[in-house]
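In what follows, a structure is listed as structure tokens, so that the remarks can point back to it.
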Amino acid sequence: MEKFSMPTRIYSGTDSLNELETLHNERILMVCDSFLPGSDTLKEIQSHIKSDNKCEIFSDVVPDPPLDKIMEGVQQFLKLKPTIVIGIGGGSAMDTGKGIRFFGEKLGKYQIDKYIAIPTTSGTGSEVTNTAVISDTKEHRKVPVMEDYLTPDCALLDPKLVMTAPKSVTAFSGMDVLTHALESLVAKDANLFTIALSEEAIDAITSNLVECYRHGDNVEARKIVHEASNIAGTAFNIAGLGICHSIAHQLGANFHVPHGLANTMLLPYVVAYNAGQCEPALHRFAIAAKKAGIASPGMGDRVAVKRLIAKIREMARQMNCPMTLKAFGVDPAKAEELTDTIIANAKKDATFPGNPVVPSDDDLKKVYESVIR
Ligand SMILES: NC(=O)c1ccc[n+]([C@@H]2O[C@H](COP(=O)([O-])OP(=O)(O)OC[C@H]3O[C@@H](n4cnc5c(N)ncnc54)[C@H](O)[C@@H]3O)[C@@H](O)[C@H]2O)c1
Ligand SMILES: [Fe+2]
């Protein structure tokens, strides 16, 4: 049986924050990215919240949120007893909000009425996923909390909010979207509904991301990439991901490589590996590459996938992404030393079962070693 559902109500466009004006007499906990306090973006968001609401802010959000930070937010949650939580920021902030909600509801023994997500990066798709990725700093692992009820009720996609992101954040989070789209396209639970979204996201990102990197104020390109991020999120939430994410999570946990950059390094190798091992994956990649205009219609599957891989590399180069751990500043000897741990933890990662083929330890090692130096 195929399944598909989209529980999140989505509002997209430069007027999407107007939706906040429908909130009345609520207790609202705003979980804000750390760049927001004092910014025009936060003032703009607050200007849409009516004064009959009681509103508090938690903004001590750090990238790859660890449990102790989330528990600080839970204290504020338990005091305020919010009816609504709004997670505003990159994936780390939206996931911090989801984490605060998760533990806050358990400890407070009640449920909030609504979770609203307002992304400020075009990247994780967390505004439509059932997942909060939390870092276990002691074990150097990222642990996803996955519960369908954590899927936000409402997502507001305002492309203006993404425009303040540094170039590197635009590049890395945008390449994360491409990774979500390419992994979900061939993942174990992909179906016609999710494939349609994955293919559209591949086209949108390969056609518009570099433009967003070069001209961050291009609102049309930003809107397309923001929506692509969102539909790729829906696709992978249902279809699953694969070993690019399984290994990328280890690069984040061990070497603090930003999530999207870790995926960018690994993606060419993972696409080549899955296309080489799995005929249906090869074919789906080729179709997507043709639909996106990366390969021409008459091309054979293998040549089309080569073009796709070349496109990934070209985009990474155009956006100045370091493509090895060494180029990112990690000591290669240290990276080699951790190989066995990284492979063992990648296999335990929640995204691992989604991969279209089950890789051997040696296969995983080869992919990982390709990005060391
Ligand atoms: N929940 C999910 O389904 C899901 C999916 C994929 C990844 N993730 C997680 O999301 C996190 C990565 O999220 P991300 O790529 O959005 O990065 P991020 O949230 O870590 O943000 C990166 C940096 O950019 C800053 N920033 C964000 N938006 C900005 C803006 N508009 N202007 C200026 N600065 C801005 C942040 O303050 C931060 O310093 C990782 O922890 C990853 O594991 C979650
Ligand atoms: Fe991701």
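Assorted remarks:
- Between amide H atoms placed 1.01 Å from N, distances below 5 Å from residue 157 occur with 11, 12, 13, all of them 5 or more places distant or on a separate chain.
- Pairs of Cα atoms in the stretch 84-130 fall into 5 Å distance bins, from 0 up to the last occupied one, in shares of 6, 25, 31, 21, 11, 5, 1 percent.
- Cross-link pairs beyond the 29 Å C-alpha cut-off, checked among 142/366; 69/366; 3/142: 69/366
- If you bin all the Cα-Cα distances of the stretch 223-299 at 5 Å, starting from zero, the percentages per bin are 3, 13, 15, 23, 24, 13, 6, 1, 0.
- The residue 361 and residue 299 beta-carbon pair, evaluated with R₀ = 30 Å, returns a calculated FRET efficiency of approximately 0.30.
- Karplus-derived 3J(HN,Hα), 6.51/-1.76/1.60, for each residue of the stretch 346-355, Hz, glycine and proline x: 4, 5, 8, 5, 4, 7, 4, x, x, 4
- Residue 167-residue 196 pseudo-label distance in nm [points 7 Å out on the Cα-to-Cβ vector]: 3.8 nm
- Centre separation in Å (Cα based) which lies between the stretch 40-107 and the stretch 283-314: 42 Å
- Cα radius of gyration and Dmax for the stretch 1-57 (Å): 14.5, 49
- Taking amide H as placed 1.01 Å from N in the peptide plane, residue 135 has its amide H under 5 Å from the amide H of 67, 143, each at least 5 places away in sequence or on another chain.
- Computed over the stretch 19-166, the percent of Cα pairs more than 27 Å apart is 13.
- Gyration tensor verdict on the chain (Cα atoms; rounded if a/c is under 1.5, prolate if a/b is larger than b/c, oblate otherwise): prolate
- Other residues whose C-beta falls under 12 angstrom from the C-beta of residue 286 contribute a net charge of +3, scoring Lys and Arg +1 and Asp and Glu -1.
- Folded to 0 to 90 degrees: helix 301-318 orientation relative to the chain principal axis, Cα: 50 degrees
- Surrounding net charge for residue 193, when Lys and Arg each add one and Asp and Glu each subtract one, Cβ distance under 13 Å: -3
- Charge tally in the Cβ shell below 12 Å around residue 318, where Lys, Arg are +1 and Asp, Glu are -1, residue 318 excluded: +3
- At q = 0.09, 0.11, 0.18 Å⁻¹ the log10 of I(q)/I(0) for the stretch 119-266 amounts to -0.25, -0.38, -1.04, computed by Debye summation with a single uniform scatterer per C-alpha, solvent ignored.
Each reported figure results from applying straightforward, stated rules to the coordinates on display, with no laboratory input. Computed from a predicted model, the values in this text were never measured in an experiment. Neighbour counts run over all protein chains shown; Cβ positions are idealised from the backbone, glycine included.
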